[in-house]
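I have placed the structure first, in the form of structure tokens, so that the comments after it can refer back to it.
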Amino acid sequence: SFGLKTDFIGRAIHYEEEVDSTQKIAHRLATEGAVEGTVIVAEEQLSGRGRLDRKWHSPKYSGIWMSIILRPNLPMQKAPQLTLVTAVAVVQAIEEVTGLLPQIKWPNDILISGKKVTGILTEMQADADRINAIIVGIGINVNQKQDDFPEEIQQIATSLAAESGQNMSRARLMQAVFARLERLYQTYLKEGFFPIKLLWESYALSIGKEIIARTVTGDIYGKALGITEDGVLNIQQANGEIVQVYSADIFINE
Ligand code: BTN
């Protein structure tokens, strides 16, 4: 309707003023057979959620809070790769629309000047060991002022407006995300993960740097080498040993 440049992503859009979470609606629609590319977008989420059961602050009219339904015909072990495809697409869209230079913090945070501007949450519905649907949740802080953020995330969160000094059209940015995601997703389906991995690493903040990976079983210190096919992070410790990290919060060790 508003200058759509895509074949399937965003062709069917469910627009809501207020929801608990667009993820929840997307899960229901996917179960009911929604077509690939269906998008659920809301002006406000009352209980937006993030990874690891965290809350995702989603105030009215300030950001893009949306969930996209994909239906790749793939085994479920490939699902994490779609998170990385999405991260690259969002970085490219932000770059294109704002001129800002975002970076990716493994596994899927997007930062500008070291502060988080976007979070991605991918969830899966599987049939035996095949993917039935991937629900790609994307939250982009667009027009918040720095002091709109809750006290406890003031130092670690930012918005595109706070970084660029001007308000942005959320519709335009959403279109750019649709177009970039559709393109990269098709590349991924045709050529596999390798081209995505190269792009992802080129935007990654921590590759080649000394980091601390805070895992549930303790901190791991070392140099971030890169990601594997499964989206696992390889870290080389001081003794030369390489460890694989599946889930952690990453800090640059300065
Ligand atoms: C994270 O960084 O932990 C992921 C945040 C994901 C937030 C988005 S906003 C749209 C969608 N609906 C939700 O409840 N969460 C995702």
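The values are calculated or read from the model by the stated rules, or taken from the named source; none is laboratory data. This structure is a prediction, so every number in the text was calculated from the model and none was measured. In this analysis, Cβ positions are derived from the backbone assuming ideal geometry, glycine residues included, and neighbour counts consider all displayed protein chains.
For this structure, a couple of remarks:
- Some residue of region 223-233 being among the aliphatic types (A, V, I, L, M), crowded, with 19+ Cβ neighbours inside 10 Å and closer than 30 Å to LYS60 by Cβ: no
- Residues of region 79-93 that are out of contact with any helix residue (DSSP H, G or I) (no Cβ under 7 Å at 6 or more places or on another chain) and either more than 16 Å from PHE194 (Cβ to Cβ) or surrounded by fewer than 18 Cβ atoms within 10 Å (Cβ to Cβ) (or both): ALA79, THR83.
- For PHE8: the one exception among (1) assigned by TED's automatic domain parsing to the domain that holds LEU160; (2) at pLDDT 95 or above: (1)
- Flag if SER206 is crowded, with 19+ Cβ neighbours inside 10 Å and modelled with pLDDT under 95: yes
- Flag for GLU152 being in the same structural domain as LYS115 (by TED's automatic domain parsing) and loosely packed, with under 13 Cβ neighbours inside 10 Å: yes
- Of the candidates SER67, SER47, the single residue that is over 26 Å from VAL245 (Cβ atoms), in contact with a helix residue (DSSP H, G or I) (Cβ under 9 Å, 6 or more places away or on another chain) and crowded, with 16+ Cβ neighbours inside 10 Å is SER67.
- Residue count for region 111-143, restricted to those that are surrounded by fewer than 23 Cβ atoms within 10 Å (Cβ to Cβ), without any contact (Cβ under 8 Å) to a residue 60 or more places away in the chain and within 14 Å of the ligand (Cβ to nearest atom): 2
- For VAL88: the one exception among (1) modelled with pLDDT under 95; (2) in contact with a Leu (Cβ under 7 Å, 6 or more places away or on another chain): (1)
- Scanning region 208-247 for residues that are assigned to a loop (DSSP other than H, G, I, E, B) and closer than 20 Å to LEU82 by Cβ yields THR228, GLU229, ASP230, GLY231, VAL232, TYR246, SER247.
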